[in-house]
1. Which ones in segment 15-50 are closer than 25 Å to Ala84 by Cβ, open to solvent by less than 50 Å² (accessible area, probe 1.4 Å) and in contact (Cβ under 8 Å) with a residue 60 or more places away in the chain?
2. For segment 56-157, which helices (runs of 4 or more DSSP H) that fit wholly inside it have 1 or more residues that are surrounded by 16 or more Cβ atoms within 10 Å (Cβ to Cβ), in contact with a Gly (Cβ under 9 Å, 6 or more places away or on another chain) and small (Gly, Ala, Ser)?
3. Can you work out which of the residues in segment 135-155 that are under 12 Å from the mean Cα position of the chain (by Cα) and not β-branched (Val, Ile, Thr) is farthest from Ser48 (Cα to Cα)?
Amino acid sequence: MIRQKLLSVNYLKGRKGYVPMACVIHISDGSEKSVYQTFSNPANQKSSHYCVDFDGATFQYVLDENTAWGNGIVYRPRAWIVNANKGINPNLLTLSVEIIGFGYKDITEAQYEATGELVKDLCQKWAIPLDDKHIIPHNSINASKSCPGRVSIFKIL
């Protein structure tokens, strides 16, 4: 079950005519409470569509039809979605999934299970292929980031 905690700031209503074509996986380096507080502060200009806590509890912060601000700056991208759509903000083309944890250690089995279920449902809803070209780490958009740390995309798939 996904619990809605929809933000009132730090996202764009709509997607400027685009639809989600990939999911981007992030690691929080903080608790769900601290992530929600960060995303709720307009000065931070950050957000994700979803957040998966240590126990697998899943929260939705931004509706899929809207644009979360999770992917930040594009720098030496490896992700096909960015390279094939140069000049288009990747936030318009993606769904962002924040996983609670710390980049220096792996996430819990409950998080892998919940994230896998969430990603599978999103892929089905938006006709996104369930593979490593469409379920991508944040650092494949911005190579200067280590995000999502030790999270295995393949264990999510």
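1. Answer for segment 15-50, where residues must be closer than 25 Å to Ala84 by Cβ, open to solvent by less than 50 Å² (accessible area, probe 1.4 Å) and in contact (Cβ under 8 Å) with a residue 60 or more places away in the chain: Arg15, Pro20, Ala22, Cys23, Val24, Ile25, His26, Tyr50.
2. By residue number, 109-126.
3. Per the criteria, the residue is Asn139.
The values are calculated or read from the model by the stated rules, or taken from the named source; none is laboratory data. These numbers come from a predicted model, not from an experiment. Counting neighbours? That spans all protein chains shown, and the Cβs are built from the backbone with ideal geometry, glycine included. To get the accessible areas, we keep the full protein, side chains included, count just its heavy atoms, and leave off ligands, DNA and RNA. Shrake-Rupley method; radii C 1.70, N 1.55, O 1.52, S 1.80 Å.
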